[in-house]
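The values are calculated or read from the model by the stated rules, or taken from the named source; none is laboratory data. As the structure is a computational prediction, the values presented were derived from the model and not from experiment. In this analysis, Cβ positions are derived from the backbone assuming ideal geometry, glycine residues included, and neighbour counts consider all displayed protein chains. To get the accessible areas, we keep the full protein, side chains included, count just its heavy atoms, and leave off ligands, DNA and RNA. Shrake-Rupley method; radii C 1.70, N 1.55, O 1.52, S 1.80 Å.
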Amino acid sequence: MSEFQVAYIPVGVPTFHIESAQAEFEKSKELISGLTAHGVYPEKMLLSIEDLCAYLDTINPSLIILQNITFANSAYPSEVLKRFSCPVLLWTLREPVIDGGRLRLNSLTGAYSAGNSLMSFRDGNFEYIFGGTDEQKVISKINATIQAAKLKTELGSLKLASVGHTPQGFGFGRALDIDMLKVFGVTLESIEARELINKAIGFTDEECESFLQETKEHTVGLDATPEKNRKDFARLYKAYKDYVTENKIGALSSRCWPDFFTAFGTPVCTVLAMLNDLGIPASCEADAYGALSMYMGTQLTGAPVFFGDPVSLDEEENTITFWHCGTAACSLANPDTGAQVGVHPNRKLGPTMEFGCKPCEKVTVFRIGRKADGAFRFFLLSGEALDKPKQFSGTSIVVKTEAPSDEIVCRSVKEGWEPHFIVIYGDVKEQLEVLAHMLGIEVCKY
């Protein structure tokens with residue numbers, strides 16, 4: 001992965017109140033350095049084109065924070081924009097004093113010059129914030145933009161594997177390698193499910209013992225699974241984990257039914273759960289865009305996310321229940337029960353995961369979707385994960401929504417969203433919205 005770099009570029013002219021500008025310069029550097037260890041800063045304010053060009057020669061930014069430390073004409077942002085194509089956050093400072101006397105910074109007028117240049121160079125695709133270094137909205141916006149830019153950079157080095165094809169009628173999760181690369185910068189690799197099944201069949205019990213022990217340490221009740229299924233699970237887990245490691249896979253989508261039930265005799269569900277706990281986001285039913293959605297949530301929070309279908313609605317409680325057969329990461333289990341092991345609700349084969357998920361005050365429901373014309377869009381919804389037991393056989397999470405849950409369901413069904421959603425433990429709605437802007441993708445907030 002290319003090195004991530006946030007470049008602070010404070011531009012201005014020396015004819016305004018330099019003492020006020022210098023104070024803002026120091027506070028701005030302190031704020032940015034507190035949000036990222038990847039910042040680069042000029043030794044002084046860039047108050048001439050010559051100083052600006054000298055600084056630009058030394059940087060290779062992944063994100064530019066362009067700040068009018070005082071007024072600066074459009075020549076300053078134009079010099080930046082002609083050199084770099086990375087995302088830009090334009091930051092306007094508030095006037096430090098309004099006392100009927102001298103205009104000290106005139107940062108806002110400079111922002112209009114910069115915005116005009118950004119419209120010409122970028123067709124208006126940039127982020128913007130107005131305010132001082134001590135304002136929470138400014139801190140939040142800068143932080144979200146840095147995180148989104150970092151995720152965008154990480155996507156450029158992501159290799160996502162598609163294990164097998166989507167089942168009949170699940171084509172919404174099928175991805176083309178050129179679409180993944182063009183829109184997200186992601187490399188899509190494909191492998192047939194039978195290749196991993198064949199690898200698994202060839203392993204000995206001894207080779208797979210450590211994989212079985214690792215799973216026992218993270219789950220509850222694995223020993224109740226018939227011995228043959230336990231051993232076959234361990235073989236399959238080794239096959240997947242070896243493949244991921246050897247090929248530097250960062251996320252994967254996997255076919256699950258009917259192949260692993262009919263051709264192998266043991267489900268892949270718990271394999272995917274273990275991969276999720278290892279930080280390799282893994283979706284079932286070969287949903288590649290579901291896996292990519294999971295990767296984004298995992299990267300933003302540093303923790304596994306839940307993948308599932310909306311299966312139940314409670315208008316009085318204002319909740320939506322998300323569920324799936326049993327692939328959720330063990331670490332998502334409610335601590336009252338732990339990550340219990342069971343059997344697939346339809347096929348009656350195990351091991352699969354069987355638990356209700358742990359509560360969380362703030363969650364984000366997310367999905368990378370596609371419209372009928374093929375254009376991408378982001379589904380974004382804020383809520384709270386309630387402390388609820390398992391709702392159905394498999395794994396489930398009950399989300400209390402901010403907006404009326406029945407209206408959310410009605411609108412999202414009518415607008416044609418895919419049936420797989422991601423529940424992220426944390427409020428990352430702003431980061432994902434900024435990322436969508438950077439990628440030129442529509443945002444649909446619910």
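Laid out as a table, the results:
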| quantity | calculated |
| --- | --- |
| Along principal axes, Cα extents of the stretch 290-446, largest first, whole Å | 42, 33, 31 |
| Within the accessible area of the stretch 217-293 (1.4 Å probe), percent carbon and sulfur | 52 |
| Distance between the stretch 352-427 and the stretch 430-446 - C-alpha centres, whole angstrom | 17 |
| Listed residues MET353, GLN168, GLY131: farthest to the positive end of the dipole of the chain (Cβ charges) | GLN168 |
| Which of ILE408, LEU381, PRO419, positive extreme of dipole for the stretch 378-421 (C-beta unit charges) | PRO419 |
| Which of ALA273, VAL11, SER157, positive extreme of dipole for the chain (C-beta unit charges) | SER157 |
| Surface accessible to a 1.4 Å probe, per residue, for the residues of the stretch 327-446, Å² | 40 |
| Square roots of five times the Cα gyration tensor eigenvalues for the stretch 100-159, Å | 29, 18, 7 |
| Rg in Å to one decimal, and Dmax rounded to a whole Å, for the stretch 337-408 via C-alpha atoms | 15.6, 45 |
| Counted charge near THR298, where neighbours are those whose Cβ lies closer than 12 Å (Asp, Glu -1; Lys, Arg +1) | -2 |
| Test item: Cα-centred dipole of the stretch 129-172, Lys/Arg +1 and Asp/Glu -1 on Cβ, debye | 140 |
| Per DSSP, loop GluC sites (Glu not before Pro) in the stretch 82-189 with at most 13 further Cβ within 10 Å | GLU135 |
| Cα-centred dipole magnitude for the chain, charges only on beta-carbon of K, R (+1) and D, E (-1), debye, nearest 20 | 640 |
| Global form of the stretch 51-110, assessed from the alpha-carbon gyration tensor, a/c cut-off 1.5 | prolate |
| Helix-only CD estimate at 222 nm, as mean residue ellipticity for the chain, using -39500 (n - 2.57) per DSSP H run (n ≥ 4) | -11500 deg cm²/dmol |
| Cβ-defined net charge surrounding PHE130, 13 Å radius [Lys, Arg +1; Asp, Glu -1] | 0 |
| Rg/Rh (Cα only; Kirkwood hydrodynamic radius) as it applies to the stretch 37-163 | 1.01 |
| Summed side-chain charge close to PHE421 - residues other than PHE421 whose Cβ falls under 9 Å, Lys, Arg +1, Asp, Glu -1 | -1 |
| Lysine pair number, Cα distance threshold 17 Å (strictly under), the stretch 325-446, separation 8 or more or different chains | 15 |
| GluC sites (Glu not before Pro) restricted to DSSP loop in the stretch 2-47 with at most 15 other C-beta within 10 Å | GLU3, GLU43 |
| Anchor LYS241: lysines whose Cα lies under 18 Å away (excluding residues fewer than 8 positions away in-chain) | LYS159, LYS199, LYS216, LYS231 |
| Principal axes of the stretch 1-88: Cα extent on each, largest first, Å | 42, 29, 18 |
| Structure-derived Cα Rg over 2.2 N^0.38 Å - corresponding label in (i) 1.04; (ii) 1.12; (iii) 0.95 | (ii) |
| Zero-based 10 Å bins, Cα pair distances in the stretch 180-314, whole percents | 11, 42, 35, 11, 1 |
| Nearest-0.05 FRET efficiency for CYS410 and ASP387, computed from C-beta distance (R0 25 Å) | 0.40 |
| Degrees separating the helix 429-439 axis from the principal Cα axis of the chain, which is the longest one | 80 |
| Cα-based reach from LYS29 at 24 Å (exclusive), listing lysines while leaving out same-chain residues under 8 positions away | LYS44, LYS137, LYS141, LYS150, LYS152 |
